[in-house]
Amino acid sequence: MNQAPAQNDMSSANYYTTLEVAKILGMAVRSVQLMVDRGDLQAWKTPGGHRRITRESLERWIQGSRAGVTGVAALHGTPSDLRQSGRRRPAVHVPRILLIEDSSHFQNLVSMLVKQRFPSVDLHIANDGITGLVSFGHLQPDLIIVDILLPGIDGATMITGLRRHALFGQCKLVVLTSLDQEQRAPYAFALQDVPVVHKPKLVQELPGLIESALQHLIAPAAAAPVPA
């Protein structure tokens, strides 16, 4: 935790409260506090013991998180923009999938399946749970495909946080995992009513779940058959 800044740097434009950062990132306040404790965000404390997170460190962290997100469309918005109203969707809605997966092998496999079967869909990829939470707020995807085991924050905890997110709405979820039924038991609290794909069966099972989740957004001609 840093020392309090000089008087001329204490304008509210130069720092955020923990609650403001939680809203910007779409996280729980406790998650933001943990980011401060880990040094991901720089902060100082008021005489009353309240954290004040520097604008510079938040912008730096968001820019760094964007570097871990790939996709057809670029991410837009700054912390100051996000203090205002949420961003509007384009008039013609392009279905969006956010894949949160740290394995490059499965990133490539899902990318190939989406490109072949659902060419009208935008796929974005986040490499870890924290980046996934941030990119969710920016992208507002129609479907999230998430691995249970992720660096930084596990997928089960992230799913719980997403369901509390004000923007979650009608977003669909699909879970990927290499864990068998017995190994998934500790994550059962997050997996209720969520389709789960065992990674060895990803090619066979995932396309059908994507089609089911996005069927109201994809024109019949948009879902192409897998080449023989």
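The values are calculated or read from the model by the stated rules, or taken from the named source; none is laboratory data. Note that the structure is predicted; figures quoted are calculated from it, not measured. Don't worry about glycine lacking a Cβ; one is built from the backbone with ideal geometry, like all the others, and counts go over all protein chains shown. Each accessible area value is taken on the protein alone, full model and side chains, heavy atoms only, with ligands, DNA and RNA left out. Shrake-Rupley method; radii C 1.70, N 1.55, O 1.52, S 1.80 Å.
Screening residue 175 on (1) part of a loop (DSSP other than H, G, I, E, B); (2) touching a residue at least 24 places away in the same chain (Cβ under 8 Å); (3) more than 13 Å from the chain's Cα centre (by Cα) shows it passes everything except condition (1). Exactly one residue out of 41, 98, 19 is assigned to a helix (DSSP H, G or I), at pLDDT 75 or above and not acidic (Asp, Glu), and it is 19. Among residues of the stretch 114-136 that are closer than 27 Å to residue 153 by Cα and hydroxyl-bearing (Ser, Thr, Tyr), those with a Cβ under 8 angstrom from a residue that is open to solvent by 20 Å² or more (accessible area, probe 1.4 Å) and part of a helix (DSSP H, G or I), sequence gap 6+ or separate chain, pair up as 135/66. Would you check if residue 157 is closer than 18 Å to residue 31 by Cα, open to solvent by 60 Å² or more (accessible area, probe 1.4 Å) and among the β-branched types (Val, Ile, Thr)? Yes, satisfied. On the given criteria, is residue 94 buried (at least 18 other Cβ atoms within 10 Å of the Cβ) and out of contact with any Phe, Trp or Tyr (no Cβ under 6 Å at 6 or more places or on another chain)? So residue 94 does not fit the description; no.
All told, residue 135 falls short of being in a helix (DSSP H, G or I), within 16 Å of residue 174 (Cα to Cα) and not aliphatic (A, V, I, L, M).
For the condition touching a residue at least 12 places away in the same chain (Cβ under 8 Å) and open to solvent by 40 Å² or more (accessible area, probe 1.4 Å), what is the one hit in 151, 141? Even if it seems obvious, please write down each step before you answer.
On the way: 141 fails: open to solvent by 40 Å² or more (accessible area, probe 1.4 Å).
Among 151, 141, only 151 is touching a residue at least 12 places away in the same chain (Cβ under 8 Å) and open to solvent by 40 Å² or more (accessible area, probe 1.4 Å).
Among the residues of the stretch 135-174, those that are of a type in the set (Val, Ile, Thr) and touching a Gly at 6+ places or on another chain (Cβ under 9 Å) comprise 144, 146, 148, 153, 157.
Residues of the stretch 166-181 that are under 21 Å from residue 210 (Cβ atoms) and at pLDDT below 90: 167, 168, 169, 170, 171.
Listed by first and then second residue, the pairs with beta-carbon distance under 7 Å, at least 6 apart or on different chains, first residue in the stretch 13-36 and closer than 12 Å to residue 134 by Cβ, second open to solvent by less than 10 Å² (accessible area, probe 1.4 Å) and not in a helix (DSSP H, G or I), are 21/53; 35/41.
Considered as a group, the residues in the stretch 180-200 that are open to solvent by 20 Å² or more (accessible area, probe 1.4 Å) and among the aliphatic types (A, V, I, L, M) include one that is farthest from the chain's Cα centre (by Cα), and that residue is 185. Selection over the stretch 102-132 of residues that are outside any helix (DSSP H, G or I) and of a type in the set (Val, Ile, Thr) gives a count of 2.
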